[in-house]
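Notes for the one structure printed next.
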Amino acid sequence: MNPVSATAKQTPVAPPCAMVIFGAGGDLTKRLVMPALYNLSCSGLLPKNFALIGVDLVEQDVETWLASLRDFLVGTFRKGGEGSEPGEVLNDAAWSHLTGTMSYLSGDFGKPETFQNLAHHLKDVDHRNGLGGNVLFYLAVAERFFGSTVEHLGQAGLTEEVGGAWRRVVIEKPFGHDLASAQALDKQVLAVLTEEQVYRIDHFLGKETVQNIMALRFANGLFEPIWNRDRIDHVQITVSETVGVERRGKFYESTGAMRDMVPNHVFQLLAMTAMEPPATFDADAIRAKKAEVFASMHPLELSDAVRGQYAPGTITGETVQGYRSEPDVSPESATETFVAMKLQIDNWRWAGVPFYLRTGKRMTKRKTEIAIRFKQAPFAMFRDTPVDSLGENWLIIQIQPEEGMKLRFNAKVPGPLLTFEKVAMSFNYDDWFKQAPATGYETLIFDVFIGDATLFQRADQLESAWKVVQPVLDSWAKPDPSFPNYAAGSAGPNASDELLQREGREWLPI
Ligand code: BG6
């Protein structure tokens, strides 16, 4: 794995702190949080004085926990898995810095004793390592524990910021299940913590290419003047995955594609694309502009939303089963694995410009991109030439797995006749930068260390996002009799194509 690219001169130094991971034995800790911490350690961005404390129900000693994390990391290197470099070997110094002061507490998140023990332990760890009382609590636990864990932290006096020390809590997604539960969770959390202490994580915001949308728009004089309803016909945001629900059938059955992806990841891409330029590059200014986008969105109408569920099919030559045959999924499941929708943002920049969004599992290809279609040039001057139509102009921001940007326009085909061909200019990250393969969590965790909330979701943003999708979630409580309605390996159900066709448009191929 590779360091986050930064130099000491440009980068603020993370202050001493303890990091407590609730859900230490879980998948998220192993797959993403620990590898990210290791990467930060490799790049010298981990606090100099640092102590990691794992908390989980499982009875085990710290050596066993540590060995399982190490084995996983080394296994990832061997397989060349996500966030690792080919042939990478464990950097012993970085690993020792990360794990040298590590400890493990077993305890039930539902019991006050767990938190009282933690409070004693933290005092001791802080004293031994000179951590200045700073603590980052990371809730890598199931959603149902978010609110109660924060309450227990409060009751054990662990969230009080005394003598300049900070206490911050990172909460994973899904933040609520719908508008009412997101509001209830916020109420519970904000009864204990201030908004400044809460870091609601959305890992899409840790992706370099997502952060680059702001650079593209606001660090160049080129795009912003044409970034509006005068010049843009519509926007398409696609997040297609080839994976199915894997081992997460139980979670996915009660979640579905809409809740899993839309008010969080997909809406973050939309907000980055649609937000107004902030006055300054600080968390409050940026988050306020994003919140305005959500507040200007019309609630989603049922006729503008499509849902789908995958049937068996073939993806890159491999036959895969349908959703209803996946482990822990009901054979009559009504859960959607695909959604497409048309959204409208009712403000001066975007009124009348449709934003079409789609996301789904088991689709043709893995691809996340934002495609901006510009309005057509007038045709009149080519009327008496062999040109019979003009190709479309697109700016395509490629988020993953391709990382870059493409601009598609018309060019004259060389020769005596006037004919046009669609051509493209491309920018690929790899051609310009030596990229650090990362899990996406590095930047986000580092930002919590230094108290920068820019890339985290604020309560009002999330609530407005839920408000947009809530009417459709309510209607979708009734099963769709056409399920399953798309073959694995396809671009989703026909209704998704029809959503655009009825307005004379079509999706770009996946
Ligand atoms: C997660 C969803 O938040 O994001 C998953 O729960 C989804 O269902 C994943 O597969 C996609 O993230 P990435 O980084 O792999 O595109």
(message) I'd like the distance between the alpha-carbon centres of the stretch 124-167 and the stretch 432-510, rounded to an integer number of Å.
(response) 31
(request) State, to one decimal in nm, how far the label point of residue 48 lies from the label point of residue 430, with both points 7 Å from Cα in the Cβ direction. (result) 3.9
(request) Note the full-extension length gain between residue 365 and residue 127 as 0.36 nm times their separation in residues minus their Cα-Cα distance, in nm to one decimal. (result) 80.5 nm
(request) Tell me the label-point distance for the pair residue 68, residue 165, using the 7 Å Cα-to-Cβ offset, in nm and rounded to one decimal. (result) 2.9
(request) Please arrange 76, 359, 419, 337 by counting, for each residue, the other beta carbons lying within 10 Å of its beta carbon, fewest first. (result) 419, 76, 359, 337
(message) Could you work out [θ]222 nm for the chain from helices alone, using -39500 (n - 2.57) per DSSP H run of at least four and dividing by all its residues? Round to the nearest 500 deg cm²/dmol.
(response) -9000 deg cm²/dmol
(request) Give the residue from 267, 244, 209 lying farthest towards the positive end of the charge dipole for the stretch 195-328; charges sit on Cβ (+1 for Lys and Arg, -1 for Asp and Glu) and the dipole is referred to the Cα centre. (result) 244
(message) Is there a quick way to get the dipole size of the chain? I mean about its Cα centre, with the Cβ of Lys and Arg at +1 and of Asp and Glu at -1; what is the value in debye to the nearest 20?
(response) 880
(request) May I ask for the angle, rounded to the nearest 10°, between helix 179-190 and the longest principal axis of the chain, with both axes built from Cα atoms and the value confined to 0 to 90°? (result) 30
(request) Could you tally the net charge around residue 133, taking each other residue with its Cβ under 14 Å from the Cβ of residue 133, Lys/Arg +1 and Asp/Glu -1? (result) 0
(message) I'd like the distance separating the alpha-carbon centroids of the stretch 291-305 and the stretch 339-395, in whole Å.
(response) 19
(request) For residue 54, list long-range residues whose amide hydrogen, built 1.01 Å from N in the peptide plane, is under 5 Å from its own amide hydrogen. (result) 21, 103, 104, 105
(message) Suppose R0 equals 56 Å. What FRET efficiency, 1/(1 + (r/R0)^6) with r the Cβ-Cβ distance, do residue 375 and residue 57 give to the nearest 0.05?
(response) 0.45
(message) Test of understanding: what is the full-extension gain from residue 304 to residue 155, defined as 0.36 nm times their sequence separation minus their Cα-Cα distance?
(response) 49.1 nm
(message) Given a Förster distance of 30 Å, report the FRET efficiency between residue 392 and residue 79 from their Cβ-Cβ distance, rounded to the nearest 0.05.
(response) 0.15
(request) Can you tell me the FRET efficiency between residue 148 and residue 460 if r is taken as the Cβ-Cβ distance and R0 is 22 Å, rounded to the nearest 0.05? (result) 0.40
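Where a number appears in this text, it was derived from the coordinates with a stated rule and is not lab data. Since we're looking at a predicted model, the values are computed, not measured. Quick reminder, even Gly has a Cβ in these numbers, built from the backbone with ideal geometry, and neighbours come from all protein chains shown.
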